[in-house]
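The values are calculated or read from the model by the stated rules, or taken from the named source; none is laboratory data. Everything numeric here is computed off the predicted structure, so don't read it as measured data. Here the Cβ is made from the backbone with ideal geometry for all residues, glycine too, and neighbour counts use every protein chain on show. For accessibility, only protein heavy atoms count, side chains too; no ligands or nucleic acids. Shrake-Rupley method; radii C 1.70, N 1.55, O 1.52, S 1.80 Å.
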Amino acid sequence: MRRRTLLTGAGAVAAAGAVVAAGGYARSRMTAAEPVIPDAPVGDERLVKHKSRARGRTVDFYTAVPEGHGDGQGLPVCLVLHGGSKVAADFPGMGLGRFVTDSVRRGNPPFVLVGATGDRLAWRPNGDDDPQKMVHEEIPRWCEDLGFATESFGALGWSMGGYGALLLAERFPGFVSTVAALSPAVSAGDDVFVQAGTLREVPVGLWCGEDDGFLDHVKALQEVLPLVTATYADGRHNYGYWSTCLPAAFDLIARNLSRSAPVL
């Protein structure tokens, strides 16, 4: 049984969450900053409840279709993997529905945003709770039920979600056609580094603020990814910075969801 909420707008963005005292998080400056959200209308944006067997609980499931594209029938999908301080219920307030409309208005082919709550497990299994399995096995079925195209997916994530998006592409070859990772919470020698060579045909975009504790690790990851472009600019580990990266990230996603050959 699903409970559905139709969302019609975007609210204010909450301040960044607590710092995790490990790895790059301990050195990251996560002070809240005002996000830059485009002046674009929200299309069909929804938040529903789905029972996830992979996670052993009911989760929030978010979808956003660009304004002017109805309920998104036949459109390709970009998976959104949240960081540690957000969940899927926060996506409307972050303005993601406005960003996906803005992408189309700037000339990109349309796509749908889809995401579910994975909590703070870095999108990895933890006992019987497996958010990675939810993304790989259950979300595609939920998308099919809505009439979205599911031949291949783009993946977008920030912080912990950036790590999860990269790991998803590495562990399931062919499932993800492109990855946009904003300040991914990676560390040299972790699973993302070890499996980087599997992304030979997957265009990856990396973004990271120059005042971010993960910066050195992200630059090291750039060196080992086969097909990558990276952008570094003034910014911290917060949505104020990530919001400035989303237009370029959506450009990368749109290019590679609509073409058979990868494009950086």
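Quickly run through the stretch 192-233 and pick out the residues that are open to solvent by less than 40 Å² (accessible area, probe 1.4 Å), in contact with a Pro (Cβ under 9 Å, 6 or more places away or on another chain) and of a type in the set (A, V, I, L, M).
VAL192, ALA196, LEU199, VAL202, VAL204, LEU206, VAL218, LEU221, VAL228
Inspect all residues belonging to the stretch 73-95 and state whether any of them is outside any loop (DSSP other than H, G, I, E, B) and of a type in the set (D, E, K, R).
Checking the stretch 73-95: at least one residue is outside any loop (DSSP other than H, G, I, E, B) and of a type in the set (D, E, K, R).
Please verify whether LEU215 is aliphatic (A, V, I, L, M) and under 28 Å from PHE91 (Cα atoms), treating the condition exactly as stated.
So LEU215 passes the test.
Specify which of the listed residues (GLU144, GLU170, GLU151) is open to solvent by 10 Å² or more (accessible area, probe 1.4 Å) and part of a helix (DSSP H, G or I).
Checking each option against the conditions leaves just GLU144.
For ALA180, are the conditions met, namely being open to solvent by 10 Å² or more (accessible area, probe 1.4 Å), of a type outside the set (Lys, Arg) and either part of a loop (DSSP other than H, G, I, E, B) or touching a residue at least 60 places away in the same chain (Cβ under 8 Å) (or both)?
So ALA180 does not fit the description; no.
Residues in the stretch 96-128 that are open to solvent by 20 Å² or more (accessible area, probe 1.4 Å) and either not polar (S, T, N, Q) or not in a loop (DSSP other than H, G, I, E, B) (or both): how many?
So the answer is 16.
Is it the case that SER52 is crowded, with 18+ Cβ neighbours inside 10 Å, at pLDDT below 95 and not β-branched (Val, Ile, Thr)?
no
Looking at (1) closer than 23 Å to MET160 by Cβ; (2) at pLDDT below 95; (3) in contact with a Lys or Arg (Cβ under 8 Å, 6 or more places away or on another chain), which one does ALA16 not meet, given that it meets all the others?
Single failed check for ALA16: (3).
Looking for something free of Cβ contacts under 8 Å to residues at least 24 places away in the same chain and either open to solvent by less than 50 Å² (accessible area, probe 1.4 Å) or among the hydroxyl-bearing types (Ser, Thr, Tyr) (or both) - is there at least one such residue anywhere in the stretch 64-81?
Checked against the condition, which is being free of Cβ contacts under 8 Å to residues at least 24 places away in the same chain and either open to solvent by less than 50 Å² (accessible area, probe 1.4 Å) or among the hydroxyl-bearing types (Ser, Thr, Tyr) (or both), the stretch 64-81 yields no hits at all.
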